[in-house]
Every structure is written in structure tokens, then in C-alpha cells.
1. Which one of these is open to solvent by 70 Å² or more (accessible area, probe 1.4 Å) and either acidic (Asp, Glu) or more than 30 Å from Asp130 (Cα to Cα) (or both): Lys352, Lys288?
2. Restricting attention to the stretch 1-41, which residues are under 30 Å from Arg95 (Cα atoms), surrounded by fewer than 13 Cβ atoms within 10 Å (Cβ to Cβ) and modelled with pLDDT of 95 or more?
3. Evaluate the stretch 42-65: report whether one residue or more is in the same structural domain as Asn367 (by TED's automatic domain parsing), surrounded by 21 or more Cβ atoms within 10 Å (Cβ to Cβ) and within 16 Å of the ligand (Cβ to nearest atom).
4. Could you give me the residue pairs with C-beta distances under 8 Å whose first residue belongs to the stretch 127-141 and is in contact (Cβ under 8 Å) with a residue 12 or more places away in the chain and closer than 17 Å to Lys288 by Cα, whose second residue is assigned to a helix (DSSP H, G or I) and open to solvent by 60 Å² or more (accessible area, probe 1.4 Å) wherever it lies, and which are 6+ apart or on separate chains?
5. Count, please, the residues in the stretch 41-54 that happen to be more than 21 Å from Val282 (Cα to Cα) and touching a Lys or Arg at 6+ places or on another chain (Cβ under 9 Å).
6. Which one is nearest to the ligand (Cβ to nearest atom) among residues in the stretch 204-221 that are open to solvent by 10 Å² or more (accessible area, probe 1.4 Å) and over 20 Å from the mean Cα position of the chain (by Cα)?
7. Would you mention how many residues in the stretch 93-107 are more than 16 Å from the ligand (Cβ to nearest atom) and assigned to a strand (DSSP E or B)?
8. Could you pull out the residue among Glu301, Glu312 that is open to solvent by 50 Å² or more (accessible area, probe 1.4 Å) and either of a type in the set (D, E, K, R) or under 29 Å from Arg377 (Cβ atoms) (or both)?
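The values are calculated or read from the model by the stated rules, or taken from the named source; none is laboratory data. Just so you know, these numbers come straight off a predicted model, no measurement behind them. Quick reminder, even Gly has a Cβ in these numbers, built from the backbone with ideal geometry, and neighbours come from all protein chains shown. Accessible surface is based on the protein model in full, side chains and every heavy atom, while ligands, DNA and RNA are left aside. Shrake-Rupley method; radii C 1.70, N 1.55, O 1.52, S 1.80 Å.
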Amino acid sequence: MPNSSALFPLSYELSRDRFRQNLIAAKERWPDAQLHSRRLDHPEDLTIDWISAPATRQSEKILILTTAEHGIEGYVGSAMMQLFIENDLQRLNPRNTGLLLVHTINPWGMKHMRRTNAHNVDLNRNFVLDSADLDASFNPQYRQLQSFFAPARPLPAIALARLQFAFGLARQALGVSAKTLRSAALLGQYHHQQGIHYGGDKFQEETRVLMSLYRQAFQSADQLLHLDMHTGWGPRYQMSLINSYLEQQSSAELRQRFDYPQIVAATGDEFYAMRGDMIDYVYLLRKKEFPHKRLYATSFEFGTYGARLVDEIRSLRATIIDNQLYWHSAPSRRTQEWVAREFRELFYPQEKKWQAKALQDAHRAFNGILRAEGFIRTRWG
Ligand SMILES: [Zn+2]
């Protein structure tokens, strides 16, 4: 297995160049493979790139790998994409298996080290089946907590910023439980454009591109396997598979089938609940338009800060101060650097040991899932 920190890219542009080069490798076994580059409606050179390839004989299965729905998470996502291409692509069967490899769903966020797109939309709250669900009255708890989640003032010096957050947290904790606070923050909201986890008031350009690709994928094959890359949640040094609440198989069942130790379902109990999740969307699309197709879709979540309460609080703080800095700035350069550091460590850890373990976990999960879903043969088979 390539076990090298060189897989982790230095910039969006370098990551994209490397991805585009992969067309050559794909063409060796899928001669009709194509590279697509969709430029966003934005002055910068920002593109969603994907390699698609039909099965060469009879289309039965399609393998979908997507990264950077949450921009900044795309650096780790890109490393995993490259790991997959260098290591697992050759194990698939081009005669019955097609490909859809998406380099960056949210290139603006990846380039600018943010989770959202250029319109402050968390794309993983924007994938609803019906745009009427982008509903401003959803999640009223957020509205009550809005001044804590998104203070409308510049960020002060680091010590004071820490204190203000701690004070705000303590004050909120008097009124609502930690559980309510967490779910109000993470559920998504559709009314506060400068807020956190804002899901947008319409389908975003990036969302539309992906929705159309998913529909094409369902039309092209009977069986879909979709793996989407994320970072930031869960125990440090451990990647978790996060299943949709719509997946029928239980986490325990899948741990055994995939021979992978850490699998949870995206429910309030095991993970957190949200609206507009992309993996949920793929399941809902299947249910509505392609009920006879076989689907397994999941997210790889690479834990960064950790899973203790103190880690979750630090993660909430990083989300809040990053958003506050973006909208209201900070007079001190040291504060700006602190925020950038906190945010980067939450979504793109630099520690070599962390990166090596992340590759190891992804390798194991790719192997277990591809095997269980019938995309590669078993070792002795
Ligand atoms: Zn994410």
C-alpha cells in the first residue's frame, strides 16, 4: 500500500492536476474513460472534475467515489482518491463495472480552506429531494441560539475570543441541554445566510451537477456503490463509516460484512441528524425513481480532534470562529492565524502519524466494502 504523506496535496490546483493525470491510468483498462471539467460560475478558475467510464462489455455495476463536498475536507479526500486509484482501480473488473470518480464537489471551499461554497452554503445540507424543503422555518432552535452560533461582531484577541466563547457556552447551557445545542448547530438551517451550517435557499450549482451525475449513474447500471470522503467527526486516529439512516442493514451487521470495526448510522443517537445530506439524497433518489437498483452508499469520516465532549466543544468553537472571522474579520493577525490553524487541524491534520493511520483505515475499508459488494474477487476466489 502506498503509505506516504506525499499523497496529501499542498493545494487545490496541485490536487486537480494530479487527478487529471489519472485519466491515463483509467484509460488503460477503460478505453472509453473521459475527463470532464465543469467550470463554476465564478471569476476564479474553479472546476468540478470527474472521470467517468462505462463498463467495456456489459454494464452491471458502477463505482462512485466523491470528495470535497465540504471544500477543506477535500485535501484528505484527494489523498484517499489517489490511494484508491493507485491501489484498488486495477482490482475492479472493467468488463462489467463502470466508474464515476469526482475530484472536488466544492472547489471554492477547497481552495479557500472553508467547508462551505462561495455562498456560505454547507452543501451537505442542500441535497434535499424537493427544494421546498429548503425551508426558512426549519430548525427554530437555531434561531434562538443564533447570537451564540454566529456573533455579528469582529473577533477579538485570542484570549478574549476564548473567554467569550466559554462564557456564551456556559450561558446557553443554563437554558438548553448539550444535546439540544449540538443538534441545533448541526441539523442545518435555511434562514441565516451568514450563519453556520446554512443549507441555502435554492439548489446550489455544485448540488445540481452532482444530482445530475447521480441520476446518470442510476441509469447506467443495476448496482451502485458510492463512497464519499469527509473529515472532522469521531475518534482521532480512526476513520468511521457513516451510513444513511435509510440504509437497511444495521451497523453491527455491516461491521461484520465489511470486516471494519467502526461503523455508525447517521441518526441522533449514533452520529447526528441533519437535513439535506448527500448520501440520504442518493437513497431517496433510488427510492423515488430507481427502486429496483441495488445501492450501498456511505461516508468515510476521518476523526481529527477526537470524540470526547471537550473535543466536540472545540470543534463547535472552530466552526463558530471561522465563520465569524469570514464575515466580520479580526483586527489582530495572531487571531486570524489561530483561527486558520484551529480550522485546518479540524479538517486537514498535518501530523504524519495521523495521515498514515488515515490511509491504513481507508485501505482496509475499500478492501472490505469492495469485496462484500462483489466489486473485487476474494483473495483465493
Ligand atoms: Zn464533511
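1. Among Lys352, Lys288, only Lys352 is open to solvent by 70 Å² or more (accessible area, probe 1.4 Å) and either acidic (Asp, Glu) or more than 30 Å from Asp130 (Cα to Cα) (or both).
2. Selection gives Asp17, Gln21, Ile24, Glu28, Pro31, Ser37.
3. yes
4. Leu129/Lys288
5. Selection size over the stretch 41-54: 4.
6. For the stretch 204-221, the residue satisfying everything is Gln216.
7. 5
8. Only one candidate qualifies: Glu312.
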